[in-house]
Each structure stands twice: as C-alpha cells, then as structure tokens.
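The values are calculated or read from the model by the stated rules, or taken from the named source; none is laboratory data. On a predicted model such as this, the values are computed, not experimentally measured, just so you know. So basically every Cβ, Gly included, is an ideal-geometry build from the backbone, and we count neighbours across all protein chains shown.
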C-alpha cells in the first residue's frame, strides 16, 4: 500500500475507505478529467501532494500523480450508488 495513504482520516464520520489499484499511474490529465466542474483540493504531506476531488457529497477520491493507487472514501448510507458511480468513472479513464 502507498505510504501516503497509510494514515487514513475519514472526511466525514461513518464514511468507508477503499484503495483501488489502477492499470497505470494517474496523470494530471486524469485528475482534470475526473474533476469536471468540482473543486480540487490539495493536501500537502511529507511525502508529496494528494489531489482530492469531492463528488456530490457521496464520494471523495484521493489521487497522487504518477501513482497507480487511488484512495476512495464513500458514504455507505447512500446505498450502492457511490461505488457504482466510482466504477463508471474509473472505467472511463482506466
């Protein structure tokens, strides 16, 4: 597991976390494509920058440029929709 994701902090109480390994490393273009009209937040860590994209209050995706792992937080109370939405997003780029 990526050391940047080693000490997880939930964005909201009760949210669940998953780590996905992608078929290739994340690029800046991938982040721009996922961002759409959402706001990009960046967290600086001792090992580098984590790009954070909030998706409609049900999903938070953490990307690190040049890394094939993605950390995802989702609201389990929203049913299966957050993970189905995430899978659709990931299949469009990876």
Taking the condition of being out of contact with any helix residue (DSSP H, G or I) (no Cβ under 9 Å at 6 or more places or on another chain), modelled with pLDDT of 90 or more and farther than 12 Å from residue 70 by Cα, how many residues in region 1-26 meet it? 2
Closer than 24 Å to residue 7 by Cβ, in contact (Cβ under 8 Å) with a residue 60 or more places away in the chain, surrounded by 11 or more Cβ atoms within 10 Å (Cβ to Cβ) and in contact with a helix residue (DSSP H, G or I) (Cβ under 9 Å, 6 or more places away or on another chain): is that true of residue 40 in this structure? no
Residue that is closer than 21 Å to residue 10 by Cβ, surrounded by 15 or more Cβ atoms within 10 Å (Cβ to Cβ) and in contact (Cβ under 8 Å) with a residue 24 or more places away in the chain, where the choices are 22, 86: 86
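Restricting attention to region 73-82, which residues are assigned to a helix (DSSP H, G or I) and in contact (Cβ under 8 Å) with a residue 60 or more places away in the chain?
Of all residues in region 73-82, those assigned to a helix (DSSP H, G or I) come to 76-78, 81-82.
Matches in region 73-82: 76, 77.
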Having 3 or more residues that are touching a strand residue (DSSP E or B) at 6+ places or on another chain (Cβ under 8 Å) and under 22 Å from residue 85 (Cβ atoms) is the bar; report the strands (runs of 3 or more DSSP E) wholly within region 1-72 that clear it. 16-21, 48-55, 59-63
State all residues of region 58-75 that are surrounded by fewer than 19 Cβ atoms within 10 Å (Cβ to Cβ) and out of contact with any helix residue (DSSP H, G or I) (no Cβ under 8 Å at 6 or more places or on another chain); if no residue qualifies, say none. 66, 68
